[in-house]
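A.B. asks: Below is a structure I'd like to ask you about.
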Amino acid sequence: MRTVEFGGREAMHIRSPVKPMLAATIDHIPPPQACPGGCRYEPKFDGFRAVAIVDEGGAVLLSSRRRTRLNDGFPEIVAAVAEQLAPGTVVDGEIVRWGDDGRLDFGALQRRHVAGRRRAEFAREEPCHYVVFDVLESDGVDLRPRPLRERRAVLEALLGGAPASARVIVTPQTSDPEEALLWFDALAVQGVEGLVVKDADGPYLEGRRRWWKVKRRITTEAIVGGVTGTRQAPESLILGRYDDGGRLRVVARTTPLPPSARVSLGEVLRNAGADHPWPAELPAGFAGGLYGAHPPIRYVRTEPDVVVEISADAAVERGRWRHAVRFLRTRSDLAPGDVPMFGA
């Protein structure tokens, strides 16, 4: 055992820093035989990935995917972990917040980052849950090399009997692809992004992208209001939609465009006039990511008269897609007035 520092401060005695196991994106739900030992399907919750470590003295460290300390931001989760998990336990999961409408509220998680002294107030007024999907250590025993099926049995023994009111809960899991498909469709109304697929025989490989994730996607339209790169050869698009007041609002940024799309879009986009409604630079949060977490977006404004079809996932916050969307094609048959309104 040795002392490891997280977030610039001495945290606790643990075996080693934990790098969460990751998932690669695929575009379909695989059959059970696609995974060694059979596939296990779990809902993909839209929240903050977090590893919770309870040391031998019962102290808790809650750390992010990048191993940033989260204790101050989520004191109610720290207290619940200390109450529900025994010393010598390490678990992996997602911090989530269900809003009053029953949907996942990612904005509530973001507010904790900038809340400062109000964090305790938010913990009382907007309490979060910790949905646990794996256990790495129990009673000081390293479970990482063991297959998922064994780790899941340990996890259910640790948390499976928790009451419905518990703040730390076990994520649902199934080996039935039909039930998984039902989750994929039915849980979308709660803001669940899709499914995570894991092999039942697989060990926990820190930092390795060996699980799969399948995100629910929609096809829709938006208006091009700007581009990164140049107008003649755009690298990505900044997209907008009009609100009820007739104002063009930023809703998304696309992933990098393929070469053919750069050529075709360069032929139809026009440089904007002086009356373009957007500023010369956009905050990073206007097109995915946390506000202030990245440099402002420098881009070229274009006349908002070109409509494009996009593919987007279900992660929407305050009318904007949090993740980059995919450009599919230009819709020359549609006018900006034919595009869904902001927030639709």
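A.B. asks: Could you work out the relative contact order of the chain? I mean the mean sequence separation of Cα pairs under 8 Å and 6+ apart, divided by the number of residues, in percent.
C.D. replies: Values: 771 pairs, mean separation 58.7, N = 344.
Averaging sequence separation for qualifying contacts and normalising by length gives 17 percent for the chain.
A.B. asks: Here is a further query. Students often forget the sequence filter, so: which aspartates and glutamates lie under 12 Å Cα-Cα from LYS19 once same-chain residues fewer than 8 apart are removed?
C.D. replies: The reachable aspartates and glutamates, counting only those whose Cα sits under 12 Å from LYS19, are ASP92, GLU206.
A.B. asks: From the phi angles alone, apply the Karplus equation (6.51, -1.76, 1.60; θ = phi - 60°) to region 223-234 and give each ³J(HN,Hα) in whole Hz, x where the residue is Gly or Pro.
C.D. replies: Karplus values, whole Hz, x for Gly and Pro: 10, 6, x, x, 9, 8, x, 10, 5, 6, 9, x.
A.B. asks: Between LEU22 and residues 5 or more places away or on another chain, which pairs have amide H atoms under 5 Å apart, with H built 1.01 Å from N, and which residues are they?
C.D. replies: Placed amide hydrogens put GLY207, ARG208, ARG209, ARG210, TRP211 under 5 Å from LEU22.
A.B. asks: Once phi is turned into ³J(HN,Hα) by the Karplus curve 6.51 cos²θ - 1.76 cosθ + 1.60 with θ = phi - 60°, what whole-Hz value does each residue of region 329-344 show in order, with x for glycine and proline?
C.D. replies: For region 329-344, the Karplus curve yields 5, 7, 10, 5, 7, 10, 9, x, x, 8, 7, x, 6, 4, x, 6 Hz.
A.B. asks: Non-local amide H neighbours of ILE297 (under 5 Å, H modeled in plane, Pro and chain starts lacking H): which ones?
C.D. replies: Answer set, sorted by chain and number: LEU282, ALA284.
A.B. asks: Starting at the first residue of region 126-138, write each ³J(HN,Hα) from the Karplus equation 6.51 cos²θ - 1.76 cosθ + 1.60 with θ = phi - 60°, in whole Hz, x for Gly and Pro.
C.D. replies: My calculation for region 126-138 gives 10, x, 10, 10, 10, 8, 9, 10, 7, 10, 9, 9, 9 Hz in order.
A.B. asks: So, one more: Pull out a ≥ b ≥ c, the square roots of the eigenvalues of the alpha-carbon gyration tensor of region 169-224, then state rounded if a/c is under 1.5, prolate if not and a/b is larger than b/c, and oblate in the remaining case. Present the calculation step by step, with values, prior to reporting the outcome.
C.D. replies: On the way: a/c = 2.49, a/b = 1.51, b/c = 1.65.
Because a/c hits 1.5 or more and a/b fails to exceed b/c, region 169-224 counts as oblate.
A.B. asks: Among the lysines, which fall within straight-line cross-link reach of LYS198, defined as a Cα-Cα distance under 16 Å, with same-chain neighbours fewer than 8 residues apart omitted?
C.D. replies: The qualifying lysines are LYS44, LYS213, LYS215.
A.B. asks: For the chain, with only Lys/Arg (+1) and Asp/Glu (-1) charged at the beta-carbon, what is the dipole magnitude about the Cα centre, in debye rounded to 20?
C.D. replies: Details: 48 positive and 46 negative charges, 211 e Å.
In debye, rounded to 20, the chain gives about 1020.
A.B. asks: Then there is this: Between ARG270 and SER175, what is 0.36 nm times their sequence separation minus the Cα-Cα distance? Round to one decimal in nm. Kindly include the intermediate steps, with their values, before the conclusion.
C.D. replies: Working: separation 95, 0.36 × 95 = 34.20 nm, distance 5.18 nm.
That works out to 29.0 nm of additional length.
A.B. asks: Assign one of three labels to region 217-338, namely rounded, prolate or oblate, based on the Cα gyration tensor with a ≥ b ≥ c the square roots of its eigenvalues; rounded applies when a/c is under 1.5, prolate when it is not and a/b is larger than b/c, and oblate otherwise.
C.D. replies: Values: a/c = 1.20, a/b = 1.15, b/c = 1.04.
Because its axes are fairly even, with a/c under 1.5, region 217-338 counts as rounded.
A.B. asks: Take the alpha carbon gyration tensor of region 2-215, find the square roots of its eigenvalues, order them as a ≥ b ≥ c, and report rounded if a/c is under 1.5; if not, report prolate when a/b exceeds b/c, else oblate. Show your work: numbers first, answer last.
C.D. replies: Numbers: a/c = 1.75, a/b = 1.20, b/c = 1.46.
Oblate, because a/c is 1.5 or more while a/b does not exceed b/c.
A.B. asks: Same structure again: Which of ALA222, GLY194, THR171 sits closest to the plus end of the dipole of region 117-243, meaning its Cα is farthest towards the positive end, when Lys and Arg get +1 and Asp and Glu get -1 on the C-beta?
C.D. replies: Value: ALA222.
Computed from the coordinates by the stated procedures, all read-outs in this text should not be read as laboratory data. The structure displayed is predicted, hence computed values, not measured ones. All Cβ positions, even for glycine, are placed from backbone atoms using ideal geometry, and neighbour counts span all protein chains on display.
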